[in-house]
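Notes to accompany the following structure.
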Amino acid sequence: DRPDAPRALRLSGLSGTSLSLAWDPGWDGGLPQHFLLRADGPDAPPPPAHLVTSGFSLTLGGLRPDTPYDVTLRARNARGESAPVRLRAVTSGREMAPKNPKFEPEGGGGAW
């Protein structure tokens, strides 16, 4: 059978130029499956980005800050595709700083 649609498509992180997405797989139809992800938005790479993964998460990079994107996800196996699931997500207004910045003392790194 064709696979069931992925469940619980969600935004797991974002920055000014990326969206991190995660989902739970539906029933695979008894066959190996992979996932097709499409992002449509202003200045999305032409044609709109189509990405394939066998995992349950993916980060879309190279996006514009403070911009909405319509994300569509489908499961596919040898018998066909699932129904789509959709999510609208907006990149942040600016690029985020690293989560664990490294601080070093001035003057080349002696003891504090």
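The values are calculated or read from the model by the stated rules, or taken from the named source; none is laboratory data. This structure is a prediction, so every number in the text was calculated from the model and none was measured. Please note that ligands, DNA and RNA were not included when accessible areas were found on the heavy atoms of the full protein model with its side chains. Shrake-Rupley method; radii C 1.70, N 1.55, O 1.52, S 1.80 Å.
Which order do Val85, Val71 take when ranked by solvent-accessible area (1.4 Å probe, heavy atoms of all protein chains), largest first?
Val85, Val71
Given a 1.4 angstrom probe, what's the average accessible area per residue across segment 7-91, in square angstrom?
53
How much of the accessible area of segment 7-91, probe 1.4 Å, is carbon plus sulfur, in whole percent?
Of all accessible area on segment 7-91, carbon and sulfur atoms account for 54 percent.
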